[in-house]
Each structure stands twice: as C-alpha cells, then as structure tokens.
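The values are calculated or read from the model by the stated rules, or taken from the named source; none is laboratory data. Owing to the predicted nature of the structure, the values given are computational and were not obtained by experimental measurement. Because the Cβ atoms are built from the backbone with ideal geometry, glycine has one as well, and the counts that use them run over all protein chains shown. Only protein heavy atoms, including side chains, enter the accessible area calculation; ligands, DNA and RNA are left aside. Shrake-Rupley method; radii C 1.70, N 1.55, O 1.52, S 1.80 Å.
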Amino acid sequence: MLQQRVIEKIRNAERLGQEEGESLYDLDLYTLGELADSIRRQRYGKKSFFNINRHINPTNICADTCKFCAYSASRKNPNQYTLTHEEIVQIAKNSYANGAKEVHIVSAHNPQAGLEWYLGAFQKIKEVLPQLHVKALTAAEVDFLSREYGLSYDEVLDRMIESGVDSMPGGGAEIFDEGVRDFICKGKVTSEQWLDIHRKWHQRGRMSNATMLFGHVEERKHRIDHMLRLRTLQDETGGFNAFIPLVYQKENNFLKVKSFPTGQEILKTYAISRILLDNIPHIKAYWVTASIGLALIAQEFGADDLDGTIEKESIQSAAGAKSSNGMNLDEFVGLIRNSGFDPVERDSLYNELKAY
Ligand code: V47
C-alpha cells in the first residue's frame, strides 16, 4: 500500500515526491504528527525558537491588486499612508531600545515613493543602529522596483546590500502553481521570478525565508508542488533559513473563499512541510496567522519556530488576525514553556542568544 511505503520511507529519511506528498494528507493526524515530531525532536529536542523583532510596514499604497490582500489601500481600505524616513528610523530606534534585534520591513508596491525612499530607509537605520538586523524587501518588492526603475534583479539586490539589508523575508511566494497564482494575484512577480530572485540573493551569500499562503482557493496538490519547488532551489543554494506556511485570513479583501481549512488541515500542512522539506532547517508556525493556540500545538507537529514578538503588525491584522499589537515577551516565553517546550531566543540567522 502507498501509505505504508511512504511511512517506511519517512522513517528511513528517504525523500518523497509529488504523489507521495499528496498521500500524506490521507494519513490520520496523529500518525502524521508523530512522524513530523520525531524529525523535529531529532534536530532540536524541545527547543522552540523565537526572536525579539519589530515589523514595520512603511506604505500601503500599491500598484498591484492581489485579491487576498486587505492591507493595501483600496476601496475596502481607503486610508492611504507612507511613512517618512525619519518616522521609520524613529520606530527602529524605539524598538531597539526595547530589546528588538531585528526589524522586518515590508511595504506595498508604491509607484509614487521612489527608489531612494525604499532603499534610503535601510541606510539611515544602519547609520544609527548598525547592530540591528534589517530583514527587508520581499521578492515581490524586488520585482516591482526592478520594473519601476528599469534595473535588473542583480542591480536591485546589489543596491539592497549596499544599503544595509541583511536578509530577505519570505513574502510574495503565495502559491507557485501558475493557475492559482493568476487567479489570486495576477500581474505580480511570477513563481519563476520569485525563485530566481531568491537564487540570486543566496548566490550573494545571503539568507532568506520562504512563505506559502494557503487555505484559500488552492488544493492540497498545489501546496505539495509549492514545497517541492522550494526544496529543489534549496538543494541548489542552501540559502533558506525557514519555511513559513501562512494561513489565509479572510476579512476585508476581494477573494471569495467558500470554505476554510480546519485546525487539523493546518496542523497536517505544518507536519507535511517538516517531512518534505528535509533541507530547510526551520519550520515556522507564524502565530499571527495560525493563532497563538494552534501555533503552540504546531510545535508538536513539526514546527520549531514561532517568529517573534513583532510589536506591531499591519498586513494580516488588516485581514482579521489578532496581531496588531504583537505579543508581550514575558507572555510569549510563558506560553512556550507552559506548552512543554524550552523557549530559546534566537537572532535572525538562528544563532541562539538566550535560553529562558
Ligand atoms: O506575502 C497577505 C501574506 C505576506 C494575507 O520571512 C496574507 O520571516 C494571510 O511574508 N491572510 C507577507 N496572509 C508576510 C510575510 C512574512 C510574515 C512573517 C514572517 C516572514 C518571514 C514573512 O502576507 C504576503 C502574503 O502572502 N498575506 N494577505 C491574508 N489575507
């Protein structure tokens, strides 16, 4: 039977393909959880990683029209804003003073802002806070800047490094399947381009993350395909730190979704990603989209990282997530400990900073 063969292969640390990956969803939740958990425990024991970080979303004016997005200014969200460099630097300074080790800076694709507005902010942060890790610009933003200002991807990536960007976040990946992608975010960076931008970034010796937006109109087979395309690139470059399955949030947007994934389906997706992505070190249960309760349970289904304290979050909270004011550090650490895991503060590149 396919299922028995697949379980055997996982226990022998053999790789699975598309069809085998899809068949994992047919396993019962506990069998799948046990398989993913044994991989997670072999690698990290009971450690659960998090960081003290600050999300900054400097503008919500966007040339693109992704149906799932509630963040960009539109007729459902008429309040446009663009922060000045001074405001961005002030936020970074305050967060640093409060213990943040990383700023995660992601914007919409604002054609009025200018290349210097995008890149100058990183430079100014680094001038005053050279130790603060700047994780900034998704591959979708890199593609936007390249098109808007007639630069090649190589040129944009080099300018990012000159401006002080340390690593790239994993946003903009959505779902790689071209049919689904066309339906949910036509006109944005293509799947091939997204992968190519990360390849080029990794070739510069830099690290990044990869996300997958799921629980909307995609099917299970599209999630497996997405993971396998990432695994192939990771074989080539080794530049991904973490894979982050993002659970779709349904409020205030233009994507009409009939049914939403159950908790079981979400946990299975974390577990399957741990099993399939044998070459990506960390699986992040981003508590913002999973909800903190499910993210804590996901620690037993393959996830070893819960992202961070965040402080403020505007993208998913616009679509209904309960994350607009981040998470208190003491509460976060207490929740991880009380769920049976050992909280470990990490830096952006997963060096361990403090065991709580
Ligand atoms: O790419 C937009 C997603 C992403 C919705 O790299 C939505 O460490 C759910 O990429 N429901 C941006 N998600 C955020 C992101 C991220 C987050 C945390 C950590 C890291 C990392 C990266 O937000 C976008 C898009 O897929 N998003 N709208 C929505 N309605």
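Computed quantities for the displayed model
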| quantity | calculated |
| --- | --- |
| Acute angle (nearest 10 degrees) that the helix 2-11 long axis makes with the longest principal axis of the chain, alpha-carbon atoms | 70 |
| The chain: most fluctuating residue of V257, V134, V142 per GNM, C-alpha cutoff 10 Å | V257 |
| Straight-distance crosslink candidates among lysines, where the alpha carbon sits under 25 Å from K46 and sequence neighbours closer than 8 are dropped | K9, K101, K268, K284, K354 |
| Fraction of accessible area attributable to carbon and sulfur, the chain (%, probe 1.4 Å) | 48 |
| Separation of alpha-carbon centers, segment 143-177 and segment 7-40, rounded to whole Å | 34 |
| Built amide H within the under 5 Å cut-off of S48, gap 5+ | D342, V344 |
| Tensor-based shape of segment 209-356 (alpha-carbon gyration tensor, a/c under 1.5 rounded, otherwise prolate or oblate) | oblate |
| Derived scalar couplings ³J(HN,Hα) [segment 311-324; Karplus, 6.51 cos²θ - 1.76 cosθ + 1.60; whole Hz; x for Gly, Pro] | 6, 7, 8, 10, 7, 7, 5, 4, 9, x, 5, 8, 10, 4 |
| Anchor K76: lysines whose Cα lies under 22 Å away (excluding residues fewer than 8 positions away in-chain) | K67, K186, K188, K250, K256, K258, K312, K322 |
| Computed [θ] at 222 nm, helices only, for the chain once each DSSP H run of length n ≥ 4 contributes -39500 (n - 2.57) | -13500 deg cm²/dmol |
| Diffusion constant of segment 25-355 at 25 °C, which comes from Stokes-Einstein with the Kirkwood Cα-pair radius and 0.890 mPa s, µm²/s | 124 |
| Whole-number accessible area per residue in Å² for segment 198-308, which is evaluated in the context of all protein chains at 1.4 Å | 31 |
| Amide H partners (placed H, <5 Å) of L213, local residues excluded | E174, I175, L246 |
| Backbone HN-Hα couplings from phi across segment 238-251 [Karplus 6.51/-1.76/1.60, Hz, Gly and Pro as x] | x, x, 8, 7, 9, 10, 10, x, 9, 7, 4, 9, 9, 6 |
| Choice from H55, H282, H85 showing the highest fluctuation, given a GNM over the chain with Cα pairs closer than 10 Å | H85 |
| Ranked order, E86, E141 - accessible area, probe 1.4 Å, largest first | E86, E141 |
| Distance between modelled label sites at N279 and R337, nm, 7 Å Cα→Cβ extension | 3.9 |
| Backbone N within segment 115-134 under 16 Å of label point (7 Å from D347 Cα along the Cβ vector) | 126, 129-134 |
| In nm, spacing of pseudo-spin labels at D182 and Q18 (7 Å Cα→C-beta vector) | 1.7 |
| GNM result for the chain, Cα springs below 10 Å: residue of A242, A113, A139 fluctuating most strongly | A113 |
| Segment 130-169 - accessible surface per residue (Å², probe 1.4 Å) | 33 |
| Prolate/oblate/rounded label for segment 274-344 (Cα gyration tensor, a/c 1.5) | oblate |
| Per the chain, cysteines lacking a partner by the 4.7 Å Cβ criterion | C62 |
